[in-house]
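*Asks:* Here it is: the structure, laid out below.
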């Protein structure tokens, strides 16, 4: 080899240690960044789950409320047609 490159030394062990140090220096930040990305995705998924559960709970409560209103509506409309719901005096 004419040009040995930045990691070529007379001692093979020294060359290996330089290469190993370079690889560690290059991969450690990548691993830290990957861990951060995974943690942010986990937190986003957790927030999405909580919001979805809250929305479903709210939707169920609104549905029950409207079902109660519509269930009471026929009795109110029938009492109006018979005049039993009026509490005023008639002339």
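*Asks:* I need a count of the residues in the range 1-53 that are part of a helix (DSSP H, G or I) and touching a helix residue (DSSP H, G or I) at 6+ places or on another chain (Cβ under 8 Å).
*Replies:* 0
*Asks:* Right, something else. Might you check whether a residue that is modelled with pLDDT of 85 or more and assigned to a helix (DSSP H, G or I) occurs anywhere in the range 79-91?
*Replies:* no
*Asks:* Report, ordered by the first and then the second residue, all pairs with beta carbons closer than 9 Å, sequence separation of six or more or different chains, a first member in the range 23-41 that is free of Cβ contacts under 8 Å to residues at least 40 places away in the same chain and at positive phi, and a second member that is outside any helix (DSSP H, G or I) and surrounded by fewer than 10 Cβ atoms within 10 Å (Cβ to Cβ).
*Replies:* Taking only residues 6 or more apart or on different chains, not a single pair turns up.
The values are calculated or read from the model by the stated rules, or taken from the named source; none is laboratory data. Since this is a predicted model, take the numbers as computed values, not measurements. For neighbour counting, all protein chains shown are included, and Cβ atoms are generated from backbone atoms with ideal geometry for every residue, glycine included.
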